[in-house]
Amino acid sequence: MSTEAPPGPLDPELEQTAWNLDPLVDGEGQEGVKRQLDEALTRAEAFAEQHGGKIGELDSAGLEDAMRELAAIQELVSRAGTYAGLRFSIDTADPANGALLQEVQERGTQVETLLLFAELEWAALPDERAEALLADERLDFCAHHLRNVRRYRDHLLSEPEEKILAEKSVTGSSAWSRLFDELTSAIEVELPTQTTGGRSGLAQAMRGPAVERREQKVALDVALSRLALPDRELRRTTAEAITQALAPGLRTRAFAFNTLLADKATDDRLRRYPHWLAARNLSNEASDESVAALVEAVRARYGLARRWYRLKAKLLGIDRLADYDRMAAVTDDEVTFTFAQAREIVLDCYSSFSPKLGEVARRFFDERFIDAPVRPAKRGGAFCASSVPSVHPYVMLNYTSRRRDVLTLAHELGHGVHFALAADQGIFHQHTPLTLAETASVFGETIVFGRLLDEDSSPASRLALLAENIEGQIATVFRQIAMNRFEDLAHTARREQGELSVERFGELWAQSQSDMLGDSVEITDGYRTWWSYVPHFIGSPGYVYAYAYGQLLALAVYERYEQRGEELVPQYLDLLAAGGSRSPEELGRIVEVDLADPGFWDAGLDLVERRLGQAEEAARAAGRA
């Protein structure tokens, strides 16, 4: 088993898997970005001149024309923004990429401020008037969006105030988020490696081969992937190296977090949100009560995570896990996959479920909508960018050839096919709330997991695969809720106590993790700084609970599929094609899931517990427990 970085040039298909951004700007590069922004600004100025102060006077036909023009303007800005954002994500160190991203943000905000009046005037209409307009089927393409705009009425400011906040955000929260991305993308981890060199003659006979120690620099994502290695000493030294790599910029990242915490507190106060998570819940179309029920339901079942970690300690032959052991492989065999193998596995699984789904997924590879290799200064992690309805979505990976990466590919392609199938809904309804955004991704990942498990006859290998799946469930459900609790502690402490020190952030991080882990895992001192590379805390406050929500929802949908088989496939495709054109409850009903049922969360958690039981049974079958 190799302990070096992933193969890189030894996997030529992986190295050549880079996206083509030309469709976003009609092949014009940066000039295309500027052309799109110029056109958007011209049209926004004309729109403001025509409709400023007159939205309330429009009939349904006039409102349709206005909304279609707003959609066209938004598409121009979004295409330019997606192009700049994706260029920046694969090379955050290039000053030209940063400059283009900043230009797009500044000019996009200029367009936004010109159009702010439209939503403000729409939100101010009496309910009876608004509903009378929305009853016209010509507005179906934007009706749900317009109803959502009105849900913000209590939190909107005056037009001059909204313009000031929008313009200042470019040099405020957006700037701090970009700085954080640049800082974390530049992190390199120095891993100690050993190279055996030869000695000759008597020296070699007496002392054996020489061992030369050297340092190997790798990206943070590559170092984190090494925490799955079976060798505990390698995991420990890797964790220590990661902690050391996080240390130099820690105070700066903490200052950025402090600043954004304070910025959000100010924004929430001005907009009269009752607590730090209220704005996120509103955008997710989720009530405070339902989110609180989710959080408490998961916390009440933290024992499942502890039960797994205690079993895992036995599988690894140690008394108690340390934090760097949590993702460790439970067998000595490290299964690796070339990118070509991963592609064929995922496409075959998608096509077997639905030929249409497989056809949509294949376009990502055939038409260069994926960027997969690990590169210096590339943003960490993986994501799918929806782009705009008229342009295909894009997927970014940091593929390190491990089995987990195959499932990550399946996950991000799930997002991709969701965006692609929902494109017909148009720019106002293509996206679901975050609470449903993980449905297709988790579902796709679960299909691929089932295939890998069915095709693996080795008890030890099946145990390893089940272990990876359980850890994925714990990471997506329990760990995300623990991170939500960290955010809750951090936002509350910043508002009540003022600026937080690095040490205080570490205490809050350790507290939230200890609540989940109990005495099943030792939290090392170094781990107290690992909050500092998580981008969601910075750019998307409150985001993380949606992972748990989406995971449990997707598991419930998958259970329906196991019960009903192919009969559910058309309903599932209808769900994806509906995008965000309906409320979460209405979307859930398409696949016969009742999101309003208070017992929904426990039903999903029961599925996690059953998977844990399978892992325990596999451990016994392998003679490991």
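The values are calculated or read from the model by the stated rules, or taken from the named source; none is laboratory data. Note that the structure is predicted; figures quoted are calculated from it, not measured. Note that we place each Cβ from the backbone using ideal geometry, even for glycine, and neighbour counts take in every protein chain shown.
I'm trying to understand the selection: among the residues of region 330-348, which are crowded, with 23+ Cβ neighbours inside 10 Å and among the hydrophobic types (A, V, I, L, M, F, W, C)?
Answer for region 330-348, where residues must be crowded, with 23+ Cβ neighbours inside 10 Å and among the hydrophobic types (A, V, I, L, M, F, W, C): Val330, Phe339, Ala342, Val346.
Restrict the check to region 506-516 and report whether at least one residue is more than 30 Å from Asp267 (Cβ to Cβ), assigned to a helix (DSSP H, G or I) and not aliphatic (A, V, I, L, M).
yes
Which residues, counting only those in region 257-284, are surrounded by fewer than 19 Cβ atoms within 10 Å (Cβ to Cβ), farther than 18 Å from Tyr152 by Cα and among the aliphatic types (A, V, I, L, M)?
Ala262 - this is the single residue of region 257-284 that is surrounded by fewer than 19 Cβ atoms within 10 Å (Cβ to Cβ), farther than 18 Å from Tyr152 by Cα and among the aliphatic types (A, V, I, L, M).
Give the residues of region 173-192 that are hydrophobic (A, V, I, L, M, F, W, C) and under 17 Å from Arg87 (Cβ atoms), sorted by residue number. Break it down stepwise before answering.
Quick first cut of region 173-192, residues hydrophobic (A, V, I, L, M, F, W, C) only: 175-176, 179-180, 183, 186-187, 189, 191.
Once the filter is applied, which keeps residues that are hydrophobic (A, V, I, L, M, F, W, C) and under 17 Å from Arg87 (Cβ atoms), region 173-192 yields only Ala186.
Please state which one of Ser457, Ser441 is farther than 21 Å from Arg375 by Cβ and in a loop (DSSP other than H, G, I, E, B).
Step by step, each of Ser457, Ser441 is checked, and only Ser457 is farther than 21 Å from Arg375 by Cβ and in a loop (DSSP other than H, G, I, E, B).
When you scan region 547-600, how many residues do you find that are loosely packed, with under 13 Cβ neighbours inside 10 Å, part of a helix (DSSP H, G or I) and either of a type in the set (Gly, Ala, Ser) or in contact with a helix residue (DSSP H, G or I) (Cβ under 6 Å, 6 or more places away or on another chain) (or both)?
Residues that pass the stated criteria total 1.
For region 517-546, give me each residue that is outside any helix (DSSP H, G or I), hydroxyl-bearing (Ser, Thr, Tyr) and closer than 14 Å to Leu246 by Cβ.
Thr524
Out of the residues in region 171-195 that are surrounded by fewer than 18 Cβ atoms within 10 Å (Cβ to Cβ) and among the aliphatic types (A, V, I, L, M), which is farthest from Asp263 (Cα to Cα)?
So the residue we want is Ala186.
Check off (1) β-branched (Val, Ile, Thr); (2) more than 30 Å from Glu285 (Cα to Cα); (3) surrounded by fewer than 23 Cβ atoms within 10 Å (Cβ to Cβ) for Val391 and give me the number that stays unchecked.
(2)
Can you tell me which of Ala71, Ala61, Ala40, Ala84 is touching a helix residue (DSSP H, G or I) at 6+ places or on another chain (Cβ under 8 Å) and either under 18 Å from Glu119 (Cβ atoms) or modelled with pLDDT under 95 (or both)? Break it down into steps so the answer makes sense when it comes.
Working: Ala71 fails: touching a helix residue (DSSP H, G or I) at 6+ places or on another chain (Cβ under 8 Å); Ala61 fails: either under 18 Å from Glu119 (Cβ atoms) or modelled with pLDDT under 95 (or both); Ala84 fails: either under 18 Å from Glu119 (Cβ atoms) or modelled with pLDDT under 95 (or both).
Testing whether each residue is touching a helix residue (DSSP H, G or I) at 6+ places or on another chain (Cβ under 8 Å) and either under 18 Å from Glu119 (Cβ atoms) or modelled with pLDDT under 95 (or both) leaves just Ala40.
Working only within region 23-73, note down all residues that are β-branched (Val, Ile, Thr) and in a helix (DSSP H, G or I). Let's see the steps before the verdict.
Filtering region 23-73 for residues β-branched (Val, Ile, Thr) gives 25, 33, 42, 55, 73.
Across region 23-73, the qualifying residues are Val33, Thr42, Ile55, Ile73.
Suppose the filter is without any contact (Cβ under 8 Å) to a residue 24 or more places away in the chain and touching a helix residue (DSSP H, G or I) at 6+ places or on another chain (Cβ under 8 Å); does Ala124 pass it?
no
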